[in-house]
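Structure first, commentary second.
The values are calculated or read from the model by the stated rules, or taken from the named source; none is laboratory data. The model shown is predicted, which means the values in this text are computed figures rather than measured ones. When we count neighbours, we look across all protein chains shown, and the Cβ atoms used for this are built from the backbone with ideal geometry, even at glycine. Calculation scope for accessible area: heavy atoms of the full protein, side chains included, ligands and nucleic acids excluded. Shrake-Rupley method; radii C 1.70, N 1.55, O 1.52, S 1.80 Å.
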Amino acid sequence: MAETYDVIVLGSGPGGYVAAIRCAQLGLKTAIVEREVLGGICLNWGCIPTKALLRSAEVFHQMQHAKAYGLAADNVRADLGAVVARSRGVAKQLNQGVTHLMKKNKIAVHMGNGVLKGPGKLEVTGEKGVEVLSAKHIIVCTGARARDLPFAKADGERVWTYRHAMTPKELPTKLLVIGSGAIGIEFASFYNDMGSKVTVVEMMDRVVPVEDADVSAFLNKALVKQGMTVLTSTGVDGLEVGKDGVKAKIKGQDGKIVEDTFSHVIVAVGVIANTENIGLDTVGVTPERGIIAIDDYGRTSAKGVWAIGDVTPGPWLAHKASHEGVTAAEAIAAELGNKDVHPHAMDRRNIPGCTYCHPQIASVGLTEAKAKEAGYEVRAGTFPFIGNGKAIALGEPEGFVKTVFDAKTGELLGAHMIGAEVTEIIQGYVVGKTLETTEIELMQTIFPHPTVSEAMHESVLAAYGRAIHI
């Protein structure tokens, strides 16, 4: 006999476990299926443990520059094993937290590999053998994995994915990072701060190419100043892996190939959705290039089958997956007759992005270039951190905040930041965009002093020729 639920969630990442909790809160009998560890890639091998690594690198960097703060720290050294152990400990603590939340919300956890077996049916092969589960609604959130390059297959020894890079056996002496998106740049920043000689190769004409062009240019200068080699409009044509290193063929914009040898290589060229071998064909769902099409609430083309997170159109971010999970859970509850819940569609224009390199990057909405491409008459304002008292006091005066407005209506179209702790202050603009604020409300908002967030206010003022401190 199949175990019957109102909702089965396939995958327990930041989309899946949040969806399961919200379903349970709404009184739905809920099960979650996970083949590896609760919390998924983000919590165990992505967002959280990488931030623990980056924090260790940040502290190490500050210790090495203690003199700038009037302090002395002699013979500073890094214990790579201890740094990695701390990171894994943080992931374990949060994994245990998710386990507790499943018990607290009375969500049935089935550990094993889940495969759809037709409408309303899911087969789980795992620690209890083969289980058959049934539900009126199934949410697919099986996440994504690192994309390989045909000539750069990860071996965990010399060629790494992000997963290998989080548990290194040794510190690279000379590291090649292929790709300058968030994952690549974060690992480049970590290993550079830890003492590796880092080279970043990016096929596009600038690093972090999804960000505003001014942010990309500023980051490039910062990385070079920190000692990295940054090669844009450049590709890697081949890797020759040896026992003691990797020989790379690096092709420049001029078509010339230069060979260089590295101790290790990190491949960070995006992710692939995990939509194979989970039985989507049995319910009539056909992914396009691995991605499942959904409506604004997470419904797929098959009745009772929902999808959220990295198996759906991007951006592929944990917080986007979590928000989709809540939306889908509330839409399911409404379909099952709950009249007290009012599901709302997510506005993709208001999804923030954060990159935790050094300096940090954060953004939301349209870049200046994209706003102009969309036909807006634009007013943009930029305020540098060198004009912000708190940033100077922190010893972090490098960076800026840039805001983009519709010149006709005053609507905030986008905000882009680079500098200390900008990932913590971007939410101010996200709230503003969600509330459909204009420049007037932002100008009239009182910002506390001294804070880095004051640069947000000044940026808005700068867009209208009213900046005070520059």
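Summing +1 for each Lys or Arg and -1 for each Asp or Glu among the other residues whose beta-carbon sits under 11 angstrom from that of Arg466 gives -2. Once the C-beta distance of Ile392 and Asp260 is scaled by a Förster radius of 41 Å, the resulting FRET efficiency is 0.60 to the nearest 0.05. Atom-type composition of the exposed protein surface of the chain places 53 percent of the accessible area on carbon and sulfur (1.4 angstrom probe). Computed over protein heavy atoms with a 1.4 angstrom probe, the accessible surface ordering of Ile183, Ile138, largest first, is Ile183, Ile138. Average accessible surface for the range 322-395: 47 Å² per residue, computed with a 1.4 Å probe over protein heavy atoms with every protein chain in place.
Computed on the Cα atoms alone, the convex hull of the range 107-179 gives a volume of 171 cubic angstrom per residue. Rolling a 1.4 angstrom probe over the protein heavy atoms with all chains in place gives the range 1-82 an accessible area of 48 Å² per residue. Given the pairs Lys153/Lys243; Lys225/Lys433; Lys221/Lys251; Lys225/Lys390, which are separated by over 25 angstrom at their Cα positions? Listed pairs above 25 Å: Lys225/Lys433.
The residues of the range 241-304 present an accessible area of 59 Å² per residue when probed at 1.4 Å with all protein chains retained. Computed across the range 352-430, the Kirkwood radius stands at 12.9 Å (inverse of mean 1/r, all Cα pairs). The dipole here belongs to the chain: it is taken about the Cα centre, uses +1 on the Cβ of Lys and Arg and -1 on the Cβ of Asp and Glu, and is about 840 debye.
With a ≥ b ≥ c taken as the square roots of the eigenvalues of the C-alpha gyration tensor of the range 204-284, please select rounded if a/c is under 1.5 and otherwise prolate if a/b is larger than b/c or oblate if it is not? Oblate shape, in that a/c is at least 1.5 and b/c is the bigger or equal ratio.
Could you compute the FRET efficiency for Ala82 and Thr409, with r as their C-beta to C-beta distance and R0 at 45 Å, rounded to 0.05?
In this case the efficiency is close to 0.25.
A simple count of charges around Gly143, restricted to other residues whose Cβ falls under 14 Å of its Cβ and scoring Lys, Arg +1 and Asp, Glu -1, yields 0. Label separation (Thr173 vs Lys128): 5.3 nm, computed from points 7 Å beyond Cα along the C-beta direction. Considering the range 284-351, its Cα convex hull presents a mean projected area of 4.6 nm².
Excluding same-chain neighbours fewer than eight residues apart, the lysines reachable from Lys103 by a Cα-Cα span under 22 Å are Lys29, Lys92, Lys128. With a Förster radius of 45 Å applied to the C-beta separation of Ala213 and Lys29, the computed FRET efficiency comes to 0.35.
Compared with the alpha-carbon gap, the fully stretched path from Lys247 to Glu424 is longer by 59.8 nm at 0.36 nm per residue. If you take the Cα centroid of the range 72-122 and the Cα centroid of the range 359-409, the two points sit 35 Å apart. Each label point was placed 7 Å from the Cα along the Cα-to-Cβ direction; for Phe151 and Asp347 their separation is 4.6 nm. If you bin all the Cα-Cα distances of the range 226-385 at 5 Å, starting from zero, the percentages per bin are 1, 6, 11, 11, 12, 13, 13, 12, 9, 6, 3, 2, 1. Is the C-alpha gyration tensor of the chain telling us rounded, prolate or oblate? Criteria: a/c under 1.5 is rounded; beyond that, a/b larger than b/c is prolate, otherwise oblate. Cα axes put the chain in the oblate bin. Electrostatic tally near Val267: other residues with Cβ closer than 10 Å to its Cβ, Lys and Arg +1, Asp and Glu -1, net +1. Can you bin every Cα-Cα distance in the range 220-259 into 10 Å intervals starting at zero and give me the percent of pairs per bin, rounded to whole numbers? Going from the shortest bin to the longest, the percentages are 28, 37, 33, 2. Of the trypsin sites (Lys or Arg not before Pro) found in the range 110-192, the ones in coil according to DSSP and having at most 12 other Cβ atoms within 10 Å of their Cβ are Lys128, Lys153, Lys169.
Listed values for the range 420-427 are Karplus-derived 3J(HN,Hα) couplings in whole Hz (6.51 cos²θ - 1.76 cosθ + 1.60, θ = phi - 60°), namely 5, 6, 5, 5, 8, 10, 4, 4, and x replaces Gly and Pro.
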